[in-house]
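The values are calculated or read from the model by the stated rules, or taken from the named source; none is laboratory data. Here the structure is a predicted model, which is why all the values come from computation and not from measurement. We place every Cβ from the backbone using ideal geometry, glycine too, and count neighbours over all the protein chains shown. The protein model used for the area step is the full one, side chains on, heavy atoms only, and it has no ligands, DNA or RNA in it. Shrake-Rupley method; radii C 1.70, N 1.55, O 1.52, S 1.80 Å.
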Amino acid sequence: MSTVYEAAKARYAAMGIDTEEVMRKLAGKAISMNCWQGDDVVGFDNPDGGAGNGIQTTGNYPGRARSFEELTADFLKAASMIPGKKRINLHACYAIFDEAHPWVDRDQLTYEHFVPWVDFAKKHGLGIDFNPTCFSHSMVVDGLTLSSPDEKVRRFWIDHCIATRRIAERIGQELNDQVLNNVWIPDGYKDIPADRLSPRLRLKAALDEIFAEKCPHVIDSVESKVFAIGVESYTTGSNEFYMGYAATHPGVYNLLDNGHYHPMEFVSDKIPSLLCYFDKVPLHVTRPVRWDSDHVVLFDDELREIMKEIVRNDALDKVLIGLDCFDASINRIAAWVIATRAAEKGLLFAMLQPDQQLKEAQDKGDFTRRLVLMEEAKTLPMGEVWEEYCRRQGVPGDGAWFDLVKEYERDVLLKRV
Ligand code: RNT
Ligand code: ZN
């Protein structure tokens, strides 16, 4: 134990914060790392197609993972530089096809196509989360999937979503765990719709079919969005639509992606609102720059505010933290490491706040004191606790990991041609 850590520990102890307890708590909370950061959301079921029809990545940094082997190797490299518990968030387009299990379309996917992922998760002590992939596919017709007026299009995507719930259920059984299966669709219109209601009624009916089967190992969620590039005027799966759906369908939760709201709306404020009604609040933590750009998550104000709402409301078991950022313009492994370490740091920051004193000041109406305490808590010696946490977790501290990424880039990534 370093003497700087000892000094920090004493400083926090004087404020009633036990850094040993904090590190134990932090180590027990999983962060779900999105696998799609490693390959620019391309997947394995249409590798030449790339991301499209509702999703886009920008940049062409060398070394993108192109196979299960490459993606898992890169993921493990990143994970070795990240403290704490990890899950891997998979999309259905990461199905693995081989001679025994040749290519099938997304409505035909089964658990067999994900067995290597489950073996990988078991071997490395990871949890798994899952998602139907309702984009980058020719059955996205006129930008629509589950809300399409074309019965054939809807059928295909309903069957796909049902298939993913069955896969997620089986993964949960195999890992003896609950698996989040999150439905996000790109559906919407570029220009002013002539009918805003019918697409939503079609989506509602489709969701009813999708969620009909009981899947006890699955946590179902739906993810709203305000707009996207090319879909500026109308999004079928709006916040009100899915909030209403989740509120009236027990077991279906409303996933909050902090890139999916008006820039003056904050997910940190939505979390405690949902905690009044739901026993689970799944998150996609991302960093929107002017729009839903999915920049690499950083240790910034809103990240800290989100983590504070989770920690001080004692909601570590209720809020499921998943990352949803992807950047193809920088080293992809570094992107994973920066984002996930930032999420861990955010949680640590939140756990090191003088919450009791802050709440007391608020309840007494002493808002001056509340502001003073909050401001001064920002410069407490959190960095020393972070370094100690990394050391105990057996991962490099700040300043020590990036050289390892550069080595891997030189020896592995740049050799991919
Ligand atoms: C898109 C949504 C969605 C996707 C992933 C790949 O705007 O945020 O969650 O980013 O499913
Ligand atoms: Zn998202």
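Taking only the Cα atoms of segment 290-400, how large is their convex hull per residue, in Å³? List each step's numbers first, then the result.
Numbers: hull volume 15.3 nm³, N = 111.
Measuring per residue, one finds 138 Å³ for the Cα hull of segment 290-400.
If Lys270, Lys122 are ordered by their accessible area, calculated over protein heavy atoms with a 1.4 Å probe, which sequence runs from highest to lowest?
Ranked from most to least accessible, the order is Lys122, Lys270.
Could you let me know the centre-to-centre spacing of segment 9-39 and segment 324-383, using Cα atoms, in angstrom?
Going from one Cα centre to the other spans 11 Å.
If we restrict to alpha carbons, what Rg and Dmax does segment 158-197 come to, in Å?
Using the Cα atoms of segment 158-197, the pair Rg, Dmax is 15.9, 47 Å.
Which whole-number percentage describes the relative contact order of segment 305-417, with Cα contacts under 8 Å and a sequence gap of 6 or more?
RCO, segment 305-417: 24 percent.
In µm²/s, what is D for segment 161-259 at 25 °C and 0.890 mPa s, where D = kT/(6 pi eta Rh) by Stokes-Einstein and Rh is the Kirkwood radius from Cα pairs?
Result for D is 172 µm²/s.
With all protein chains present, calculate the accessible area of Phe241 using a 1.4 Å probe and round the result to the nearest 10 Å².
Its accessible surface works out to 30 Å², give or take rounding.
In what order, largest first, do Val183, Val4 sit by accessible area if the probe radius is 1.4 Å?
Val4, Val183
Pick out the long, greasy-scoring helices in the chain: whole DSSP H runs spanning 27 Å or more along their own axis by Cα, mean Kyte-Doolittle at least 0.0.
332-351
Say the dipole of segment 117-157 comes from +1 at the beta carbon of Lys and Arg and -1 at that of Asp and Glu; which of Leu126, Thr145, Phe156 then lies farthest toward its positive end?
Of the candidates, Leu126 comes out farthest on the positive side.
Give, in whole angstrom and from largest to smallest, the semi-axes √(5λ) of the equivalent ellipsoid of the chain, with λ running over the eigenvalues of the Cα gyration tensor.
Working: eigenvalues 252, 143, 73 Å².
Calculated on Cα positions only, the semi-axes equal 36, 27, 19 Å.
For segment 41-47, in order, what is each residue's ³J(HN,Hα) by Karplus, 6.51 cos²θ - 1.76 cosθ + 1.60 with θ = phi - 60°, in whole Hz (x at glycine and Pro)?
6, 7, x, 10, 8, 7, x
Which of the trypsin sites (Lys or Arg not before Pro) across segment 323-364 are loop residues per DSSP, with 11 or fewer other Cβ within 10 Å?
Taking segment 323-364 and a limit of 11 other Cβ atoms within 10 Å, the loop trypsin sites (Lys or Arg not before Pro) found are Lys364.
Per residue, how big is the convex hull of segment 343-393 when only Cα atoms are used? Give it in Å³. Can you show the working numbers first?
On the way: hull volume 3.5 nm³, N = 51.
Per residue, the Cα convex hull of segment 343-393 comes to 69 Å³.
In square angstrom, what is the accessible area per residue of the chain with a 1.4 angstrom probe?
Values: 18270 Å² over 417 residues.
Value returned for the chain: 44 Å² of accessible area per residue.
Taking H placed 1.01 Å from N in the peptide plane, check which residues at least 5 places from Gly188 or on another chain put their amide H under 5 Å from its amide H.
Counting only residues 5 or more places away or on other chains, the set is Thr236.
Ignoring ligands, DNA and RNA, what percent of the 1.4 Å accessible area of the chain is carbon and sulfur? Before the final figure, lay out the partial values.
On the way: 9620 of 18270 Å².
So the carbon and sulfur contribution to the accessible surface is 53 percent.
Which whole-number percentage describes the relative contact order of the chain, with Cα contacts under 8 Å and a sequence gap of 6 or more?
Relative CO of the chain lands at 20 percent.
Relative to the Cα centre, what is the charge dipole magnitude of segment 346-395, using +1 at the beta carbon of each Lys and Arg, -1 at the beta carbon of each Asp and Glu, and rounding to the nearest 20 debye?
Roughly 80 debye for segment 346-395.
Treating the beta-carbon of each Lys and Arg as +1 and of each Asp and Glu as -1, no other charges, what is the dipole magnitude of the chain about its Cα centre, to the nearest 20 debye? Mind showing how you got there, number by number?
Details: 49 positive and 65 negative charges, 102 e Å.
For this selection, approximately 500 debye.
What residues have an amide H closer than 5 Å to that of Leu180, excluding those fewer than 5 places away on the same chain, when H is modeled at 1.01 Å from N in the peptide plane?
Residues meeting the amide H criterion: Phe130, Ile219.
Show me, for segment 125-132, the HN-Hα J-couplings you get by feeding each phi into the Karplus relation (A = 6.51, B = -1.76, C = 1.60, θ = phi - 60°), rounded to Hz, glycine and proline as x.
In residue order, the calculated couplings are x, 9, x, 10, 10, 9, 8, x Hz.
Using heavy-atom solvent-accessible surface (probe 1.4 Å) with all chains present, what is the largest-first order of Asp269, Asp300? Each step should come with its number before you reach the end.
Working: Asp269 105, Asp300 55 Å².
Solvent-accessible surface, decreasing: Asp269, Asp300.
For segment 38-108, which GluC sites (Glu not before Pro) pass both filters: DSSP loop (anything but H, G, I, E, B) and at most 12 other C-beta atoms within 10 Å?
Glu99
Under 16 Å Cα-Cα from Lys29, which lysines qualify once same-chain neighbours fewer than 8 residues away are excluded?
Answer for Lys29, where 16 Å is the Cα cut-off: Lys85, Lys86, Lys280, Lys308, Lys318, Lys345, listed by chain and number.
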